[in-house]
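This report refers to the structure that appears directly beneath it.
The values are calculated or read from the model by the stated rules, or taken from the named source; none is laboratory data. If you're wondering where the values come from, they're calculated on a predicted model, not measured in any experiment. Quick reminder, even Gly has a Cβ in these numbers, built from the backbone with ideal geometry, and neighbours come from all protein chains shown.
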C-alpha cells in the first residue's frame, strides 16, 4: 500500500453469522485504495458474496465497522441504507427488470433531468441499438453490460460485482474483463468483484483478497504476484490453501 | 388392441360426462321449462349481488394476501412469519365451523366494546355483510396466498434489492417492479377466490344478512323446498359465471408461461 493514499473503503473486524449459527465471516479487516480494483477469490461458500452484501448494506453485520469515503456506514450503532452508501452492486444473475426495456432499466434509478447522461453510458457499454429491447432478448454478455450501465447511472463511488464473469463464454468474458478495467480507470471508480477464477482476478484486479472459511487468508497486489514465476505462484497458492486448512482445524478444535 | 381405442377415452370422459355434461343437460332441460317464471328482475338482482360480494371479497383478500406476502419480507421480525402461517389455516376449517365460531367469539367483542367503551358495534357484527366478507376472507386467504407467495419467491429478492440499491423505496419498488411482475398471479388469485366465494354455501347460510341473496343460496333454497327444477336457472347462471372465471384464469396462466 502506498503511503498517504486515500481509502475509499475501510473494513474493520467485520463478522457475520446467519441466525446466530456458525460465522460466515470472521474478523475481516481490509482497506481499498481509491480507484483500485480488488478481486475477492475463494471457494464456494467462503463468504465472498456475504462480504459484498455487507458492504452494500443488504445484510447487517454482527460486529465490526464499514467506512466508505470516511463515513461510517455500518457499526453497532449505525446502519445506513444501501442507496445512501454511494455503492453500486451488480448481482450474479444481473437482476434486470424483465418488464422494462434496456433504456428503462438503465434510467430506473436516475432522475428525469439526468436522462441524457444515461445515453453516454449506453454508448460506453456498447449497447447502441439495443435500447428498446427487453432483457430476455439479450445475450448474457449484453445483460451484464446493461446491469453495469444501470449501476453506473447512479454514479456510485464503489462498484461491487458479484461473480461478473460466471455466466459468460470465454470470448465475452475476456472482452468484458478488459472493458470493466477500462471503464473503472476512465471513471476513477473503485471496484470490488467476487470470483473463484484466479485468472479473472489476475487479469483485471490491482489487488487480490484470498478468502477462506470467512477469513482473509492472504492479501496481495497483482503486480507482485505476476512477478513470481509459475512455480512460485503454485507454491504461493498451496501456502494459502495450507493456511486455510490450518485456520479451519483451529476453528474445529 | 382395438377395444383400447374406445375404452381409454371412455374412462377419461366418465368424470366429465357424469360430473358435468349430464347434470348440465338436465339443468338446461329444467331451465327451459321454468324459463318464463324464473328469469326475472329478481334473478338479475341476485346475480349482481353474488358478483358484487364475490368481487369485493376477492379484492380485499388479494390486498390482505399482498400484506401477508410482503410485510414479512420488509420487516425481519420472526413473529410476522409465524403469524402468516396461522392466518392461512382458514382453508382447512369447514365453512360452517368458521361461521359459528366467528359469531360466538364476536359476541364477546361486542359486549366488551359496549361495557367498557360504550360503543355499539352489534349491527356491524350480527348478520352484517361486513362479517360475511370477513369470514370469506379468513376462509379463502390461503387460496390466494399460496400462488402469489410462490410467484413472488420465483421472482426472487435480487430485483427488489437492485431497486433499493438504485435509491428506490420499498413502496416504489413494490408498485414499479413487483406488482407488474405479479399481475398474472394476482389476477389468478382474484379469480380463484371469486369462484370459491360464488360457490360457498354453509358460511353464507350462517352469516348472510336477511336481505342478501346469492345464487348458491337461491339454488339451495329451491332444492330444499323440493322445487328442484326451479333451481336450474340460478345454478346455470352460477356455472356460467364460474366457467367464465376459469377461462380467464387459463388465459392468465398461458400469459404467465
note = Checked region A:86-116 for anything at the interface with chain B (Cβ under 8 Å from one of its Cβ atoms) and surrounded by fewer than 19 Cβ atoms within 10 Å (Cβ to Cβ); matches are A:93, A:98, A:99
ask   = With B:130, B:164, B:123 as the choices, which residue is without any contact (Cβ under 8 Å) to a residue 12 or more places away in the chain and farther than 30 Å from residue B:51 by Cβ?
value = B:164
inquiry  = Can you report the number of residues in region B:106-145 which are surrounded by 16 or more Cβ atoms within 10 Å (Cβ to Cβ), out of contact with any helix residue (DSSP H, G or I) (no Cβ under 6 Å at 6 or more places or on another chain) and part of a helix (DSSP H, G or I)?
reply    = 3
inquiry  = Scan region B:42-56 and tell me whether some residue there is surrounded by fewer than 13 Cβ atoms within 10 Å (Cβ to Cβ), within 17 Å of the chain's Cα centre (by Cα) and more than 19 Å from residue B:215 (Cα to Cα).
reply    = no
task = Restrict the check to region A:43-62 and report whether at least one residue is in a strand (DSSP E or B) and either at pLDDT below 90 or touching a strand residue (DSSP E or B) at 6+ places or on another chain (Cβ under 7 Å) (or both).
result = no
query = So which of B:88, B:61 is under 17 Å from residue B:193 (Cβ atoms), at pLDDT below 85, touching a helix residue (DSSP H, G or I) at 6+ places or on another chain (Cβ under 8 Å) and surrounded by 11 or more Cβ atoms within 10 Å (Cβ to Cβ)?
reply = B:88
ask   = Which one of these does residue A:234 not meet: (1) at pLDDT below 85; (2) in contact with a strand residue (DSSP E or B) (Cβ under 6 Å, 6 or more places away or on another chain)?
value = (2)
request  = Mind listing whichever residues of region B:211-225 are farther than 21 Å from residue B:22 by Cβ and free of Cβ contacts under 8 Å to residues at least 12 places away in the same chain?
outcome  = B:211, B:221, B:224, B:225
inquiry  = On the basis of being over 16 Å from the mean Cα position of the chain (by Cα), more than 21 Å from residue A:63 (Cβ to Cβ) and either at pLDDT below 90 or assigned to a strand (DSSP E or B) (or both), does residue A:16 make the cut?
reply    = no
